[in-house]
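Please treat every number below as a calculation from the coordinates, not as lab data. Computed from a predicted structure; not experimentally measured. Note that we place each Cβ from the backbone using ideal geometry, even for glycine, and neighbour counts take in every protein chain shown.
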Amino acid sequence: MTDIQKKTAGIAITSMVFGILGFVCLGPLGAIPAVICGHIAKSRIKASAGSLNGDGFARAGLILGYVGIGLMIVSIFIMFLITTPNFAKARETARQNACINNMKQIDAAKEQTELKYNYREGTTVPDNQISEYLKNGLSGLKCPKGGSYSINPTGKAPSCSEHGESPAAMKIR
């Protein structure tokens, strides 16, 4: 009786090694090749009609590869859930800051107009006179959230229909 030693498929071992590396340190860079190599190894072992073994190595590589890919998908989903509210908050803060900046520009132009025409406190300053001191006029300043600006009489800070009166734009008198 002769014992025929079956040869282990090298790609099955490769699959398991990539699976371990993907699970431990490489993430998808090891998990995806582990799955590919595992499927190739399983098909070669099946097609070899019993001359190759290593089905356990290929199966281990496949399992570790799919678990690594699953962990990657779950971690991406968790990061998405964590970061989405922060992006929305940052966007709203940026919009509010842009609106406050616009109100500061309106306030500075209104002050220039008050000085030039000697307007007293409580006087309504005409829009066309304020526009002289703004690069693109009053129509060039748009609230990023779609609100409209109120110039307000002298002595009172401009306001926005969306963001209200800006504390930063209020005059200290």
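Give the residue from Phe23, Gln5, Ile40 lying farthest towards the positive end of the charge dipole for the chain; charges sit on Cβ (+1 for Lys and Arg, -1 for Asp and Glu) and the dipole is referred to the Cα centre.
Gln5
So, in Å, what gap is there between the alpha-carbon centers of the stretch 1-58 and the stretch 134-163?
68
Name the residue farthest towards the positive end of the dipole of the stretch 99-169 from the options Ser161, Thr113, Asn102, assuming +1 on Cβ of Lys and Arg, -1 on Cβ of Asp and Glu, about the Cα centre.
Of Ser161, Thr113, Asn102, it is Asn102.
Check each of the trypsin sites (Lys or Arg not before Pro) in the stretch 73-130 and keep only those in coil by DSSP with at most 15 other C-beta atoms within 10 angstrom; list them in order.
Values: sites: Lys89, Arg91, Arg95, Lys104, Lys110, Lys116, Arg120; in loops: Arg120.
Loop-located and lightly packed - Arg120.
So how strong a dipole does the chain carry about its Cα centre when Lys and Arg Cβ are +1 and Asp and Glu Cβ are -1, to the nearest 20 debye? All intermediate terms of the calculation are to be shown ahead of the outcome.
On the way: 19 positive and 11 negative charges, 84 e Å.
The dipole magnitude comes to about 400 debye.
With Cα Rg over 2.2 N^0.38 Å as the read-out, I listed (i) 1.13; (ii) 2.22; (iii) 1.74; which label goes with the value calculated from this structure?
Among (i) 1.13; (ii) 2.22; (iii) 1.74, the one derived from this structure is (ii).
What are the trypsin sites (Lys or Arg not before Pro) within the stretch 1-86 that DSSP puts in a loop, where the Cβ has at most 16 other Cβ atoms within 10 Å?
Details: sites: Lys6, Lys7, Lys42, Arg44, Lys46, Arg59; in loops: Lys6.
Sites meeting the loop and neighbour criteria: Lys6.
Long-range amide H contacts for Glu165: which residues qualify at under 5 Å (H placed 1.01 Å from N, peptide plane, sequence gap of 5 or more or a different chain)?
The answer is Cys160.
Compute the signed sum of charges (Lys and Arg +1, Asp and Glu -1) over the other residues within less than 13 Å, Cβ to Cβ, of Ile63. Show your work: numbers first, answer last.
Details: positive: Lys42, Arg59; negative: Asp55.
Net charge around Ile63: +1.
Could you tell me which residue out of Tyr133, Thr123, Ala49 lies farthest along the dipole of the chain toward its positive end? Charges go on the beta carbon: Lys and Arg +1, Asp and Glu -1, centred on the Cα centre.
Value: Ala49.
Only Cα pairs under 8 Å and at least 6 apart count here; give the relative contact order of the chain as a rounded whole percent. Spell out each step's value before the answer.
Values: 261 pairs, mean separation 29.4, N = 173.
For the chain, the relative contact order is 17 percent.
Return one quarter of the surface area of the convex hull spanned by the alpha-carbon atoms of the stretch 60-158, equal to its mean projected area, in nm². Each step should come with its number before you reach the end.
Numbers: hull surface 34.9 nm².
Projected over every direction and averaged, the Cα hull of the stretch 60-158 covers 8.7 nm².
Evaluate the charge dipole of the stretch 99-169 about its Cα centre and quote only its size in Debye, nearest 20, assuming +1 on the Cβ of each Lys and Arg and -1 on the Cβ of each Asp and Glu.
Values: 8 positive and 8 negative charges, 27 e Å.
Around 120 debye, computed over the stretch 99-169.
Which helices count as membrane-span-like in the chain under these terms: full DSSP H, at least 30 Å along the axis by C-alpha, Kyte-Doolittle mean of 0.0 or more? All intermediate terms of the calculation are to be shown ahead of the outcome.
Working: long enough: 55-117 (91 Å, 0.26).
Passing helices, by number: 55-117.
Sequence gap of 8 or more, or different chains, plus Cα separation below 19 Å: how many lysine pairs satisfy both in the stretch 51-173?
Lysine pairs meeting both conditions in the stretch 51-173 amount to 15.
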